[in-house]
Amino acid sequence: MEKVVSKTKKATPVAETKSTTKFSKETYIKWYESMLLMRKFEEKTGQLYIQQKIRGFCHLYIGQEALVAGSESVLRREDRVITAYRDHAHPIGRGLHPKYIMAEMMAKVTGCSKGKGGSMHIFSKEFNFFGGHGIVGGQIPLGAGIAFADKYNGNDLVTLCYMGDGAVRQGALHEAFNMAMLWKLPVIFIIENNNYAMGTSVERTSNVHDLWKLGLSYEMPSYPVDGMTCEAVHEAIEEAVARARKGDGPTLLEMKTYRYKGHSMSDAQSYRTKDEVKEYQAQDPIEKVLATIRKNNWMSETDIEAAEQKVEDIVAESVKFAEESPFPTPDELFKDVYTQDDYPYIDDENKIE
Ligand SMILES: Cc1ncc(C[n+]2csc(CCOP(=O)(O)OP(=O)(O)O)c2C)c(N)n1
Ligand SMILES: [Mg+2]
């Protein structure tokens, strides 16, 4: 599957000033463009859902983009990423063209899971994105397992295993943490703490509100991170990745973030105030990155408009591709279910034609 490639833009002369940050111009522009693509793609997704072109469950990541952008600026493409059902931004950050995600959400055969997974089951072997999991916390032991495979195979790849603040209440987290520490697995557990599991706040879920502390009883290096800021995310991930690649084992990072939209597409949001949403929107990660770009004169207003247009074009191309693609044929139903060709329960006799 093709990668989103930046088209070479006509250079616009901008006055170079001394940088106000330790990160490069290229890093900021990459953060800006990738987060803008995630945001615009999901805004379109929301509209298409209302038009019933996308059906089933659908959870938007809008507001949380810095977690993916700040992590991806550290990772190698071969590294692994796994997450829950709020899973459109992570594969975009990995480099998967969003048209395969849009086609998947419209249940088309050209989708990255051949139209059989939908919004919650985005997957890309090519970009080492291991899903997209609808069972809350289901991806935690899977993430540890992927890291175990890498350790077993003797390479230096790392796995980023994202989970929600609600997912940390699953018992499997403790088994995975224990084994990951015991075997020093190259996995980074990232809690996307957006303060709510559906409509239930962290405060109503547990006596312990600092979720990073969950790692301490396993002596796992564990830290809170400002998840609305790409720089802070990058630095925390950089340190954790270095530890994992060296063979020193896992890290737990609690990234404090916020989702601007409801839990899924049907959510009256009676559990929070509009002011609370506005408070977080005022720290928007895309706006913050753009402010640094402007302050350093790294992009002119023409460059910014061109970047926005490029993103709009990719989103439009994705919708067109998805709409023009066919639905899968019924025989697809039995394909890719089991790797074993002669799996006994799907022989010709049991097939529904
Ligand atoms: C095992 C399991 N229990 C319950 C659900 C229903 N459910 C879906 S999402 C969700 C909330 C999870 O919240 P969180 O982990 O904070 O992730 P977020 O949606 O905030 O990204 C629940 C309870 C489920 N999918 N799986
Ligand atoms: Mg949550």
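The values are calculated or read from the model by the stated rules, or taken from the named source; none is laboratory data. Quick caveat: nothing in here was measured; it's all calculated off a predicted structure. When we count neighbours, we look across all protein chains shown, and the Cβ atoms used for this are built from the backbone with ideal geometry, even at glycine.
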- Query: Picking from C161, C112, which residue would you name as being under 22 Å from C230 (Cβ atoms) and buried (at least 23 other Cβ atoms within 10 Å of the Cβ)?
  - Reply: C161
- Query: Restricting attention to region 74-105, which residues are surrounded by fewer than 22 Cβ atoms within 10 Å (Cβ to Cβ) and within 16 Å of G227 (Cα to Cα)?
  - Reply: V74
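Confirm whether H209 is away from ligand 2 (no atom under 12 Å from the Cβ) and either under 22 Å from T27 (Cα atoms) or within 21 Å of the chain's Cα centre (by Cα) (or both). Don't jump to the end; show me each part of the working.
Details: away from ligand 2 (no atom under 12 Å from the Cβ): yes; either under 22 Å from T27 (Cα atoms) or within 21 Å of the chain's Cα centre (by Cα) (or both): no.
Criteria not met by H209.
Under the condition of being small (G, A, S) and within 16 Å of ligand 1 (Cβ to nearest atom), which residue from region 139-183 is farthest from G249 (Cα to Cα)? Outline the logic, then answer.
Residues of region 139-183 small (G, A, S): 143-145, 147, 149, 154, 164, 166-167, 171-172, 176, 180.
Those still in the list that are within 16 Å of ligand 1 (Cβ to nearest atom) too: 143, 164, 166-167, 171-172, 176.
Details: G143: 13, G164: 22, G166: 24, A167: 22, G171: 21, A172: 18, A176: 13 Å.
Among those residues, the one meeting the criterion is G166.
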- For region 190-213, enumerate the residues that are touching a residue at least 40 places away in the same chain (Cβ under 8 Å), within 13 Å of ligand 1 (Cβ to nearest atom) and over 18 Å from H59 (Cβ atoms). T205, L211
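Please find, within region 38-65, the residue that is nearest to ligand 2 (Cβ to nearest atom) out of those that are of a type in the set (F, W, Y) and surrounded by fewer than 22 Cβ atoms within 10 Å (Cβ to Cβ).
Step one: of region 38-65, the residues of a type in the set (F, W, Y) are 41, 49, 57, 61.
Pick out the ones that are also surrounded by fewer than 22 Cβ atoms within 10 Å (Cβ to Cβ) and you get 49, 57.
Values: Y49: 20, F57: 15 Å.
Out of the qualifying residues, it is F57.
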- Query: Does I101 satisfy the condition of being farther than 22 Å from P330 by Cβ, outside the structural domain of E239 (by TED's automatic domain parsing) and not in a helix (DSSP H, G or I)?
  - Reply: no
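Is at least one residue of region 137-146 under 12 Å from P186 (Cα atoms), within 16 Å of ligand 2 (Cβ to nearest atom) and either crowded, with 20+ Cβ neighbours inside 10 Å or not hydroxyl-bearing (S, T, Y) (or both)? Give the derivation first.
So in region 137-146, the residues under 12 Å from P186 (Cα atoms) come out as 143-146.
After this cut, where a residue has to be within 16 Å of ligand 2 (Cβ to nearest atom) as well, the list is none.
Looking through region 137-146, none of the residues is under 12 Å from P186 (Cα atoms), within 16 Å of ligand 2 (Cβ to nearest atom) and either crowded, with 20+ Cβ neighbours inside 10 Å or not hydroxyl-bearing (S, T, Y) (or both).
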